[in-house]
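For reference, the structure is listed below as structure tokens.
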Amino acid sequence: MSAQNIYPIVMPKWGLSMTEGKVVKWAVAEGEKVEKNQELLEIETTKITNVYESTKSGVLRRQFAPLNEDIPIGSLLGVISDAGIDDSAIDAFIEDFLANYVPPAIDGEGGPSPIAVVEVDGRKISYMRANEDADAVPVLLIHGFGGDANNWVLNQEQLARARAVYALDLIGHGASSKDVGDGTINTIVDSVAGFLDALEIDQVHLVGHSLGAACAILLAERLAQRAASLTGIAPVGLSEEVNADFLAQYLTAERRRPVKAVLQMLVNNPDLVNSEMVEDFQKYKRLEGSTEAMSRIASSVMPDGKQQHDLRPVLFGLLCPRLIIWGAQDRIIDPSATDGMPETIHVEIVEGAGHLPQLEAADVVNALIERHIEQIG
Amino acid sequence: MPKKSYRNAINEAMAGEMRRDSSVILMGEDVSGGTGAPGEDDAWGGVLGVTKGLYSEFGASRVLDTPISEGGFVGAAAGAAITGLRPIVEVMFVDFLGVCLDGIYNQAGKFRYMFGGKAETPLVVRTMYGAGLRAASQHSQTLYSIFAHVPGVKVVVPSNPYDAKGLLIQAIRDNDPVVFFEHKMMYDDEGDVPDESYTIPFGEANVLRDGEDVTIVAIGKMVHLANKAAENLAKDGISCTVIDLRTLSPLDEETILEEVETTGRLVVVDESHPRCSVAADVSSIVAEKAFKSLKAGIGKVTAPHCPVPFSPELEDLYIPKIADVEAAVRRTMA
């Protein structure tokens, strides 16, 4: 038997800021058969808890990593092999892996920080960058209402294999300035356009989620030829309703339990919302000016759960290739908003995902975006 | 998010509030920072460097060095608070608060009540507590329960830099007297602290960990022991919820009871002496209001009922340990 039929399972790196994760549980017992893409284990990071799918088919030979301990990315979690390989070969493989394992560089030692700040019209815009030196047309990721650049934790690096990928914090959000001016969508789009100019980005693939997708649609119209493609994930602006209960609770929830409940409305599988996600949202809401910024945007863009902008004519009139992705179980904006789209717009409904398919079905969404972008170049 | 020390987080909260509101003043022993070489101001930034830079920025009219007479200057601060200022008064060690209790519990803590709600006393008393600095019995105590006992006085015990900044800003903006406890062994602890201003509401405990078997309630520096113990116990399949109380008055009874109702077991970790302590108080609340949820007797991990020893070996023995917390949790599971 050759050692090529023994495969390590290592702690994945989900997102730019991830340095370690915890194995929360195994879905497969030692000695059991496992298929490629089968759920193998569950990993908790500071941003999200997510399922890890096997990249190989075979037999799970070892559950090597202890449960609930912080484990650096790249460390051995377990071993899969073809059937019929001796235990001694597995042990030798593990010994060899550990002998050659180099722990990853810790924060600050691994080159430039992925987080940077640029000033646009007197406002601070914080952003994360991946593969900045690549030559291909870059991607800009624009998060939704109340979110931040971390919403792309499972997408940014994955999409950055061949090109630079930027994820910004919109004004009023994350670590960017909390001054949103009049809070209208045009003010937000102005600042995103200013961000592209400040970074001297000419051609760009726009990828937006929810409110960020509405921004992307308006921005694509403004950028005209500079917009290489548009991907809208559950965009605001294509239907009339937004879940008004969600909006109200999103704005007012402060304590842990209500915050958790409202974040769970965003996803199909409520277990994805871990306590760090809840705490991050509480921390954001405590920042001076953040709640006011959110209220101002909400009352301008979607007062009482009624969307104020009909962006369908804008979307339909765009010249760049367009992809719309929606979670089938979206409880915030109903996927029926995709009804009646012209055939020139590619629509994909993702099963098993709610309003955050880029987190909940990251692999599917990444593949869709990549295919959409790669056919343009 | 930028990393900052507990010391810098507290300093940033004071500096930010002094910039924002000119009625905020700071007073206490050596808060102006101490004199260095001739003509050098703010050489030390206070005994442990917490007020560094404030004298240079805000000057002698807002950063007041006081004589070594806690009874006098705490009383003066209470008077200043009721007449329109927002004083932050630093009492170097909580052990010294004995000589100025009247100003806090009989004056500041009673004004709102005795003047029929018409008086407000926005006073913050910042003070150091806790053992570990080899500072002996009169500079090492953990005396928050004395203040939590008195209605009208709020008691805040932050366990990390993020909470320290948000809770201190809340304390300064609060219209009632607040005693703010800083553990002297935590000033160099670092954590993520936003540059912006933010407040953490009082009476809202922080649940750091969700578990199924045992709820550990901890205060201040003990939160780190509780977390570490929970991490170790998880390896043996014992899953713990960890609650950081953050404020002892008001107390977030709701969160404590909810979590104990989920796990059915309680361990309280408190650096104070065991008698008449917050640990005793939390245990009594749970025994009274969640008795039917309890699957085991309540566990308490505290310092012993004796003064903090000066002998380093004995002081180390005196302070609760991670292993003590683990053992207490295991006893509830036995």
Review point. Inside the range B:274-317, can you point out the residues that are in a loop (DSSP other than H, G, I, E, B) and either among the acidic types (Asp, Glu) or in contact (Cβ under 8 Å) with a residue 60 or more places away in the chain (or both)?
Key: B:276, B:277, B:303, B:307, B:308, B:309, B:310
Review point. Say we look at the range A:233-259 and pick out the residues that are in contact with a Phe, Trp or Tyr (Cβ under 9 Å, 6 or more places away or on another chain) and farther than 23 Å from residue A:292 by Cβ; which of these is nearest to the other protein chains (Cβ to nearest Cβ)?
Key: A:233
Exercise for review: Mind listing whichever residues of the range A:270-310 are among the hydrophobic types (A, V, I, L, M, F, W, C) and in a helix (DSSP H, G or I)?
Suggested key: A:272, A:277, A:278, A:281, A:293, A:294, A:297, A:298, A:301
Study note, to complete from the structure: For residue A:7, the lone unmet condition from (1) closer than 30 Å to residue A:268 by Cα; (2) touching a residue at least 24 places away in the same chain (Cβ under 8 Å); (3) part of a strand (DSSP E or B) is (1)
Exercise for review: Return the total of residues in the range A:282-299 being away from chain B (no Cβ under 13 Å) and touching a helix residue (DSSP H, G or I) at 6+ places or on another chain (Cβ under 8 Å).
Suggested key: 4
Review point. Just to be sure, is residue A:62 among the charged types (D, E, K, R) and touching a helix residue (DSSP H, G or I) at 6+ places or on another chain (Cβ under 8 Å)?
Key: yes
Review point. More than 10 Å from chain A (Cβ to nearest Cβ) and closer than 21 Å to residue A:65 by Cα, is that true of residue B:238?
Key: yes
Check your understanding: For the range B:38-84, how many residues meet the condition of being in a loop (DSSP other than H, G, I, E, B) and at negative phi?
Key -> 18
Practice item. State all residues of the range B:111-148 that are surrounded by 18 or more Cβ atoms within 10 Å (Cβ to Cβ), of a type outside the set (Ser, Thr, Tyr) and assigned to a helix (DSSP H, G or I); if no residue qualifies, say none. Key: B:111, B:112, B:146, B:147, B:148
Practice item. State all residues of the range B:262-273 that are closer than 20 Å to residue B:239 by Cβ, in a loop (DSSP other than H, G, I, E, B) and in contact (Cβ under 8 Å) with a residue 60 or more places away in the chain; if no residue qualifies, say none. Key: B:265
Point to revise | Meets criteria (part of a loop (DSSP other than H, G, I, E, B), buried (at least 21 other Cβ atoms within 10 Å of the Cβ) and either in contact with a strand residue (DSSP E or B) (Cβ under 8 Å, 6 or more places away or on another chain) or within 14 Å of chain A (Cβ to nearest Cβ) (or both)) for residue B:169 | key: no
**Study point:** So residue B:269, is it over 24 Å from residue B:146 (Cβ atoms) and surrounded by 22 or more Cβ atoms within 10 Å (Cβ to Cβ)
**Key:** no
Check your understanding: Can you spot a residue in the range A:270-284 that is surrounded by 19 or more Cβ atoms within 10 Å (Cβ to Cβ), polar (S, T, N, Q) and farther than 29 Å from residue A:186 by Cα?
Key -> yes
Review point. Which of the residues spanning the range A:348-377 are surrounded by fewer than 16 Cβ atoms within 10 Å (Cβ to Cβ) and in a strand (DSSP E or B)?
Key: A:349
Check your understanding: Does any residue in the range B:8-37 that is of a type in the set (D, E, K, R) come within less than 7 Å, Cβ to Cβ, of a residue that is buried (at least 19 other Cβ atoms within 10 Å of the Cβ) and assigned to a loop (DSSP other than H, G, I, E, B) six or more places away or on a different chain, and which pairs are these?
Key -> B:29/B:66; B:30/B:46
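Name every residue in the range B:185-232 that is aromatic (Phe, Trp, Tyr) and either within 26 Å of residue A:290 (Cβ to Cβ) or facing chain A (nearest Cβ under 10 Å) (or both), in order of residue number.
Across the range B:185-232, the qualifying residues are B:198, B:202.
Within the range A:41-57, how many residues are over 21 Å from the mean Cα position of the chain (by Cα) and not basic (Lys, Arg)?
Going through the range A:41-57 one residue at a time, the tally reaches 1.
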Check your understanding: Is there a residue being at pLDDT below 90, in contact with an Asp or Glu (Cβ under 6 Å, 6 or more places away or on another chain), on the phi < 0 side of the Ramachandran plot and within 14 Å of chain B (Cβ to nearest Cβ) anywhere in the range A:53-70?
Key -> yes
Check your understanding: Given A:69, A:53, A:39, A:32, which one is without any contact (Cβ under 8 Å) to a residue 24 or more places away in the chain, acidic (Asp, Glu) and surrounded by fewer than 18 Cβ atoms within 10 Å (Cβ to Cβ)?
Key -> A:39
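The values are calculated or read from the model by the stated rules, or taken from the named source; none is laboratory data. What you see is a predicted model, and the numbers here were worked out from it, not measured in a lab. Methodologically, a virtual Cβ is constructed for each residue, glycine included, from the backbone with ideal geometry; neighbour enumeration extends over all protein chains shown.
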